[in-house]
Ligand SMILES: [Zn+2]
């Protein structure tokens, strides 16, 4: 990047209204200029004959716009008689006109001559002024462009990261609730154990009398196996122990003798808790789902961690860019597209004879979004980077970009970012400058 003696901004003398595109282009231009270059700015007003070589309305419009810029960044753009010049090319057009076709009277020729002299004098003074001042390096302006491009290239990616993080968190919450349902189900199923009783007979040393009445028996036998009687009042020992000498009945009972029987063995009960096979298979299935869900959760947690690391790194660099842009550029943000009324005017560009051009409208909407992202990103602030110089900030950005290119990391987003093949090699900001300037040029003409 070399150095320049002067930056000459040429504008028509009579721009009485602050048109949207005029504002857009001026803001966009000053967004990229390093504030040290501002001292070398020269304004050249054209079509000066229309205002008899006096300042036209454009100067008021510019002053109002520069007031807005001062409010935003605190930078005062010099605009006084010493750096403004008035010219008109009507004399040149006169020279080029075939004299046999047009006739000019004496007063007209005098006016052309007058206009030529004034314009020539203005150009001379402009060159004098430009060569008098010390040339300003354009290095910082180039570096600011690197930072702006970084913001522009990564703003949408950061927004996508934000929504991806949100989606991941929603997915993780869902899985966590599935996990807790599964765990509760497994616990519940595991409680569904059946009590299985096995009775093993044991020969007694001498026969005893027992009572078979259900009130005295502790267990009964049917086709499905041994079962325990529900607890009864006044129950006592296991069968077949006698509770008193005279009757084999439990204490408090005295059943008829037909229930009584002599036996030489007793049954020793063994209790066992067992899960029915269908419950066991349900538990097995649930545990499988539990494992799968836990794996998926771990995967998502890892994804979230990685995304957060990438996001932190990007946000750190965004904060660094913002700090440098605030420190060095004349205009922080161009919000022309974000003003609802202005945007309606801008949208008129997409209409020809009242017929909308859908592709153009979509492009304008996309541009508006990129300015919204820019605005949001400019809010990102970091505290710890105030010691950095612009050079250091630019090297950090370049390092990051080349590291990323080497790892081709984050490529999935880059690929999906811009589906508009017509402009794939231009960033939205470059695009906006190009489109904006074209449009502004045609508007101002
Ligand atoms: Zn009994």
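The values are calculated or read from the model by the stated rules, or taken from the named source; none is laboratory data. From a predicted model like this one, the values you see are computed outputs, not experimental measurements. Note: ideal-geometry Cβ built from the backbone for every residue, glycine included; neighbour counts use all protein chains shown.
Couple of notes before you dig in:
- Residue that is nearest to residue 205 (Cα to Cα), among those in region 242-253 that are within 10 Å of the ligand (Cβ to nearest atom) and either in contact with a strand residue (DSSP E or B) (Cβ under 9 Å, 6 or more places away or on another chain) or at pLDDT 85 or above (or both): 248
- Filtered residue count, region 62-89, keeping only those that are more than 24 Å from residue 129 (Cα to Cα) and touching a residue at least 12 places away in the same chain (Cβ under 8 Å): 5
- Qualifying residue in region 210-221 (condition: away from the ligand (no atom under 16 Å from the Cβ) and closer than 21 Å to residue 276 by Cα): yes
One line per residue, one yes/no per condition, for (1) part of a helix (DSSP H, G or I); (2) surrounded by fewer than 17 Cβ atoms within 10 Å (Cβ to Cβ); (3) in contact (Cβ under 8 Å) with a residue 40 or more places away in the chain; (4) under 22 Å from the mean Cα position of the chain (by Cα):
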| position | (1), (2), (3), (4) |
| --- | --- |
| 342 | yes, no, yes, no |
| 346 | yes, no, yes, no |
| 363 | yes, no, yes, yes |
| 374 | yes, no, yes, yes |
| 382 | no, yes, yes, yes |
| 387 | no, yes, no, no |
| 394 | yes, no, yes, no |
| 401 | yes, yes, yes, yes |
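- Scanning region 260-318 for residues that are surrounded by fewer than 16 Cβ atoms within 10 Å (Cβ to Cβ) and within 16 Å of the ligand (Cβ to nearest atom) returns 261, 262.
- Flag if residue 209 is surrounded by 13 or more Cβ atoms within 10 Å (Cβ to Cβ) and in contact with a helix residue (DSSP H, G or I) (Cβ under 7 Å, 6 or more places away or on another chain): no
- Some residue of region 122-130 being part of a helix (DSSP H, G or I), in contact (Cβ under 8 Å) with a residue 40 or more places away in the chain and closer than 30 Å to residue 388 by Cβ: no
- Among the residues making up region 138-193, those that are in contact with a helix residue (DSSP H, G or I) (Cβ under 8 Å, 6 or more places away or on another chain), farther than 24 Å from residue 316 by Cα and surrounded by fewer than 15 Cβ atoms within 10 Å (Cβ to Cβ) are 176, 183, 190, 192.
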